[in-house]
């Protein structure tokens, strides 16, 4: 469900912010064909926005959602009511949603998408050999998804992000990203 548009975070604005009914945030950055930014600038921008958003907590998301719904519906709607409205009869575990959203923010676990009205073929080159890896540790305290070309490239991120030794983590490819031309 949409919980924000042009969401202000440190260093910029998230174009569109969604959250799933299970508490997974989705950041969408929109780009027009005529945008002169290079693919690397776009990726860096999205990662900066994601990093800034990961500093938020549940209460800040809740306050922003109320502000956003006030501008759209003319009244503040909290996340619980918005979930009930958006997902109707689906059984919603609000406490589980709240815990998941808060945890996903703390660990930086969310989907980031760049959406354009058209995509230049040169922009696809960045994804032609990229894969999505599920990087886990023995204690499973914090397991992450990483996009990388090889498992060996994915493992150092766990060291950087969480301080684990490279040998303490394993990387399993779960998705081969293919560019369609």
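In nm, to one decimal, how far is the modelled label at residue 85 from the one at residue 139, with both set 7 Å along Cα→Cβ?
4.2 nm
Of the beta bridges DSSP finds with both residues in the stretch 2-118, what % are antiparallel, to the nearest 5?
60 percent
What nm distance separates the two modelled labels at residue 93 and residue 106, each placed 7 Å from Cα along Cα→Cβ?
Each label point is offset 7 Å from its Cα along the Cβ direction, giving 1.7 nm.
Using a Förster distance of 41 Å, how high is the FRET efficiency between residue 41 and residue 78, based on the Cβ-Cβ distance and rounded to 0.05?
According to the calculation, E is roughly 0.70.
Starting from 0.36 nm per residue, how many nanometres of slack lie between residue 5 and residue 153 once their C-alpha separation is accounted for?
Between residue 5 and residue 153, full extension yields an extra 49.9 nm.
Tell me whether the stretch 59-115 comes out rounded, prolate or oblate; compute the Cα gyration tensor, take square roots of the eigenvalues as a ≥ b ≥ c, and use a/c under 1.5 as the rounded threshold.
oblate
Can you give the FRET efficiency to the nearest 0.05 for residue 20 and residue 172, using r as the Cβ-Cβ distance and R₀ = 25 Å?
0.65
Where a number appears in this text, it was derived from the coordinates with a stated rule and is not lab data. Computed from a predicted structure; not experimentally measured. Quick reminder, even Gly has a Cβ in these numbers, built from the backbone with ideal geometry, and neighbours come from all protein chains shown.
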